[in-house]
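**Q** I am attaching a structure below and will ask some questions about it afterwards.
Derivation of every value follows stated rules applied to the coordinates shown; laboratory data play no part. Note that the coordinates shown come from a computational prediction; the quantities given were computed from them, not determined experimentally. Methodologically, a virtual Cβ is constructed for each residue, glycine included, from the backbone with ideal geometry; neighbour enumeration extends over all protein chains shown.
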Amino acid sequence: MSIAAALRESWGWTEIAFAAVHSVSPMGHLVLSDSEGCYYYLDPELRSIDALGNEEATRTHFAQQETQDIWRAHALVEAARERLGEPPDGSIYTLKPLALLQGDYGYENLCILPLEELIRFTGDVSRQTKDQPERGQYEIKIVE
């Protein structure tokens, strides 16, 4: 399966016609575009996808220091590299699934996952919780 297929299957509920993946951060954040040239930022920790606008607007967004700091996640990446080594091709550093849901950025919660798996997990959880109130409680059931 491909990254594009994972995006279509797990984030397709957003009705974005994904066309290209332009960049992937070491922590699995993505810069994407759709078939009409609109750019998007997918944040796996927040389980959100935000429209950035055209290519120029995307450059402006990434010129901001805060955006660069989030994208690079230097302390997390260095901690992950030290504890886990380099991720293999197609994989990224991320938080373990439960820690990702809880927003627990403790270094002990870092892991390496295939990017495709992270995309599927965050897209599916985001779809299922999109209508929940912020800080609302929900129960996760694991089914096989």
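**Q** If E78 satisfies every condition in (1) under 19 Å from P114 (Cα atoms); (2) in a helix (DSSP H, G or I); (3) without any contact (Cβ under 8 Å) to a residue 40 or more places away in the chain; (4) in contact with a strand residue (DSSP E or B) (Cβ under 8 Å, 6 or more places away or on another chain) but one, which is the exception?
**A** E78 satisfies all of (1) under 19 Å from P114 (Cα atoms); (2) in a helix (DSSP H, G or I); (3) without any contact (Cβ under 8 Å) to a residue 40 or more places away in the chain; (4) in contact with a strand residue (DSSP E or B) (Cβ under 8 Å, 6 or more places away or on another chain) except (4).
**Q** Select from segment 32-84 the residues that are within 29 Å of N109 (Cα to Cα), among the small types (G, A, S) and over 18 Å from the mean Cα position of the chain (by Cα) and list them in ascending order.
**A** A79
**Q** Ok, one more. Would you check which residues across segment 14-29 are touching a residue at least 24 places away in the same chain (Cβ under 8 Å) and over 15 Å from G53 (Cβ atoms) and list them?
**A** T14, V24, S25, P26, M27, G28, H29
**Q** Taking segment 3-60, which residues are crowded, with 16+ Cβ neighbours inside 10 Å, in a loop (DSSP other than H, G, I, E, B) and not polar (S, T, N, Q)?
**A** I16, P26, M27, G28, H29, C38, P44, E45, R47
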